[in-house]
Each structure stands twice: as C-alpha cells, then as structure tokens.
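None of the figures in this text is laboratory data; all of them are computed from the coordinates on show. Just so it is clear, the structure is predicted and the values come from calculations on it, not from any experiment. Cβ placement follows ideal geometry from the backbone for every residue including glycine, while neighbour counts extend to all protein chains displayed.
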Amino acid sequence: MDQIRVHGGRPLHGRLPISGAKNAALPLMAAGLLSAEPVRLANVPRLADIASMANLLRQHGVRIDRADGPDGGGDTLTLSAEEIVSTVAPYDLVRKMRASVLVLGPLLARFGEATVSLPGGCAIGNRPVDLHLKGLADLGAEVEIENGYIKASTPGGRLQGGRVAFPFVSVGATENLMMAAALAAGETELVNAAREPEIVDLARLLTAMGATIEGAGTDTVRIQGRETLSGAVHRVIPDRIETGTYAIAVGIAGGEVVLEGADGGLIASAVDTLADAGLRIEEVEGGLLVARGPDPVIGVDMMTEPYPGFPTDLQAQYMALMTVSRGASMITETIFENRFMHVPELGRMGANINVHHASAMVRGVPQLTGAPVMATDLRASVSLVLAGLAATGTTMVNRVYHLDRGYDRLVEKLSACGAAIERVPSERAAAEE
Ligand code: UD1
C-alpha cells in the first residue's frame, strides 16, 4: 500500500487552494436522484468518497458526466437520473462509505420503494441509522430490516409531509429527511434538525430544484414538497474541514499561508479556538490568511459539538496541534464514542496524552519525533501527517487510502507551500522497509 512520508521541521508559506466540501457534495449527489432532469454540480472535489457515491448512483442507473475543473479546481458533475434501473443499494457499495445511506430518502420519495444495505459499524464507533428510519416512518413509509437490508416502501403511493422531531442532532438524518420531504405531499417540519453549512447548501440545491424550504441552518426546517422536481445548477461550498485542517497545519509547522477560497465564517468556532491558541487568522481577498510566529501555540481546552460548535471532524487535527503546545489542554469528544484512535499513534511520536472516557488531557511537549504510524480513519490519518510536519526526522503514514477518501491532492497542496512530503508507491515503500 502507498505510504506518505513527511520530513518535519519546515514552516509553510504560500497559497493553498481549498476544495469543494466532501460532506456537502455527497448529499448533493444523492439529491440528483430526485429529478428526471439533469443536476449539475460544480466545485466537486476529487476524492475516493465522491467516486464511491458516483459508483453507487451509476449502479442505480444515473448517468454521470464529469468535466475537469480549472487547474487545481474541482470537477463539474452532471447527474441525469432519467432512467433508474434499480432501487437497491447493495452491501458491497454501501459498506465502503456510510454516506451511501443518503440514497434512501430520494429513492423512496421518487420511486415509492428502496432497499439499502445497512451501513454497519465503522472505526469511529457504532453509528446506527435509526433516526433516518424513524423519520421516514413519520412521513408514512413502511420500513423493515431484513437480511442486513433496510426495505422501505410507501404503501399510500407517496410520502406524506409530517412532523419529525429528532431526539438528538444528526446531520445525515436531517439530509435524508429533507430530500424525502422535497417530494412528499404537503409540508414537513423537521424539529431539532442539524444546522451545519452542508444542510444549508443542500437546501439551496433543493430550492433551485423547486422545493420551498424555510429555516435551513436553524433547528427547525420546513419543507414544502412538490410532485416533481426539476434539474438545477449548483456550486458546492468550500470544505470547512479541509480549511480547518490546513489552518492547523500552519499552527503546527509555523509560517504564513493564504487558504484560497476558504470561508472562515463556516468554521467560526474553530477559528476562535485557534486564535485563542495564538494563530493569526484574517479574512483577506480571495480567502483566509493563517499565520504563526516563531513561538508554539498555547494550550486551549476544546469540546466537540454539533454546529455551530467545534466540529468533531477537526478533533484529531486539533489534538495534533495541542501535542506541541505550551501548556496543557483538555479535549472532549461528545459526538462519537471511540474517536481517539489517533492517540496511541501520536504517542508513538512522543506526544503526552491521557484519555479518560470521552476526554483527553494533552500536555504539550517541546518536540515530536518521526515514526512509522498507522492511519485508522480519515481525520485520524491527517492528524498524523500534521504531527509529522512538526516532528524531527521522518514520519511514515501507512494506509493512505483513508486520506484519499477526504483530502483532494493533499501532498501537492502541502508541498507547494514548502512541506517536505511525498507519496511513496507501495512497491517502493515495501522495498525500502
Ligand atoms: C456527518 C459527517 C461526518 C461528521 C458527522 C458529525 C457526512 C457525509 N459525514 O456524519 O463527517 O463526523 O456528520 O458532524 O456529512 N446517530 C444515531 N442514529 C442515527 C444517526 C446518527 O445514533 O440514525 C448518532 C451517530 O452515531 C453519532 C451522532 O448521532 O454519534 C451524530 O451522527 P450524524 O450527525 O448522523 O453523522 P453523519 O451524518 O453520519
């Protein structure tokens, strides 16, 4: 398997383009199933997760035309779901990516039936889909679990708008229900809905397709369904997690970088926390400037929360930053159980971290040392790359496929800013070990 090698100790300088948001693009692609007319999405990042969603949609019969974006920019995907050949999402495709379950709402709403494999567990904890299923049942769907598959149908012919009150916030369940409600009869009210910017982006596309949506970005979303939806053209928002990741990279390595196309307003809580830790972050024309002087950052406590709180998808990267801070910080993970798999790997690089239940006490050390490390999930993997930027010697990150799921051209972007980082193909990596 390919390996990423980072030789630490170089500050970052220059301009780094931020790609379109993976977590916005995935539901937007699923929304392509809602219309017989083409849905065109611009600024789609080049990622393995996007390819997985495209494969799943093609298997349902969706035609997807891809046009290269401008140099370093995202692709434009045109999805045409005129003829659907199957409403079954098979295990082999769904197990690769949990977001596959987002085809459930659109397929059910448009075709009155859908059979979608249960996504199953994943490395960052047991992640059920009960809220998705309960919500669809509230709109009149009949839902059964059989042989590891969700079998959903609409006995009344069409989903009926209704009130769905989520017991806690789920991004995916909110998205699935918004898409289903866009083709349901009458009005649907989602109470305790997720407020993430990706939800707002999905609402923009559904509105362009003909639905009427109020309150996206607040905890109550109202959707007026339509009998049919039209095609639309839409541009994916910039990736706020990628933005936060590279801001943290500057915090770890030092230097000054403009994150081109980034929108700091989408991660205000993370920007505030990083500023408290000592980073200079300013909006400049065309993006966000992030800088750190010669001194390391200081320790600042952090707790992950649903939006607008600090995102769980930046917790591992933030922890990597805190390992080289002056002082100590308490990091608490409230969204996912078992999302501290990066801790032992950071420990192998000399970090001082103690985990107690959902909290990690991080005591900053003056210097990390490079080591071979193992990536366990997407965000954990990138935290090890970031730690490598500050470590002496060479850090070798294995299982790079995790990074390919969510970071578009990571090696190219960091090396263009002066990092000594390379991707070593599997044969060479094996020969050199
Ligand atoms: C999305 C993001 C993911 C991010 C997460 C939280 C995408 C493609 N992925 O994942 O990167 O880490 O939001 O910000 O956008 N839960 C249930 N039952 C359900 C649904 C969720 O118990 O039916 C639990 C989950 O196990 C988790 C919590 O709710 O503990 C939040 O999960 P959710 O917001 O649904 O995350 P995803 O949409 O899967």
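Net charge of the neighbourhood of Leu288, taken over other residues with C-beta under 15 Å away and scored Lys/Arg +1, Asp/Glu -1, is -4. Residue ranges 43-51, 304-312 sort as 43-51, 304-312 when ordered by packing (mean number of other C-beta atoms within 10 Å per residue, highest first). The separation of region 89-159 from region 7-68, counted between C-alpha centres, amounts to 22 Å.
Sorted fewest first by neighbouring Cβ atoms within 10 angstrom, Asp130, Asp377 come out as Asp130, Asp377. In terms of surrounding Cβ atoms within a 10 Å radius of their Cβ, Val191, Val129 rank from fewest to most as Val191, Val129. Summing charges over neighbours of Val355, with a neighbour being any other residue whose Cβ is under 11 Å away from its Cβ, gives 0 when K and R count +1 and D and E count -1.
Kirkwood-type hydrodynamic radius, region 181-305: 16.7 Å, calculated from all non-identical alpha-carbon pairs. Net charge of the neighbourhood of Pro306, taken over other residues with C-beta under 9 Å away and scored Lys/Arg +1, Asp/Glu -1, is -1. Reducing region 355-369 and region 162-228 to their Cα centroids gives an inter-centroid distance of 39 Å.
The share of C-alpha pairs in region 340-408 whose separation exceeds 13 Å stands at 61 percent. Pull up the DSSP beta bridges for the chain and report the antiparallel fraction as a percent, rounded to 5. Here the antiparallel bridges make up roughly 70 percent for the chain. Counting only DSSP beta bridges whose two residues both lie in region 325-429, roughly 65 percent are antiparallel. On the basis of the beta-carbon distance and an R0 of 35 Å, Thr218 and Arg326 show a calculated FRET efficiency of 0.35. Find the centroid of the Cα atoms in region 374-394 and in region 280-342, then give the distance between the two in whole Å. That distance is 15 Å. Once the Cβ-Cβ distance of Asp92 and Met1 is raised to the sixth power relative to R0 = 22 Å, the FRET efficiency obtained is 0.60. Using the eigenvalues of the Cα gyration tensor, what equivalent ellipsoid semi-axes result for region 121-249 when each is taken as the square root of five times the eigenvalue, whole Å, largest first? After diagonalising the Cα gyration tensor, the semi-axes are 25, 21, 13 Å. For region 288-395, the pair-distance distribution built from all alpha carbon pairs, in bins 5 Å wide starting at 0, is 2, 13, 24, 26, 20, 11, 3, 0 percent. Over all pairs of different C-alpha atoms, region 207-258 has a mean inverse distance whose reciprocal, the Kirkwood radius, equals 14.6 Å. Considering the chain at the alpha-carbon level, its Rg and Dmax are found to be 21.6, 66 Å.
Full extension of the chain between Phe111 and His356 yields a length gain of 83.4 nm, computed as 0.36 nm times the residue separation minus the alpha carbon distance.
Our estimate of slack between Gln59 and Val424, defined as 0.36 nm per intervening residue step minus the Cα-Cα distance, is 128.1 nm.
In terms of its Cα atoms, region 1-133 spans 56, 36, 27 Å along the principal axes, sorted from long to short. Ratio of Rg to Rh for region 11-86: 1.06 [Cα atoms; Kirkwood radius as inverse mean 1/r over pairs].
Annotation for Ile298 and Glu37: the two label points, set 7 Å from Cα along the Cα-Cβ direction, are 5.6 nm apart.
Ordering Leu107, Leu403 by the number of other Cβ atoms within 10 Å of each residue's own Cβ, fewest first, gives Leu403, Leu107.
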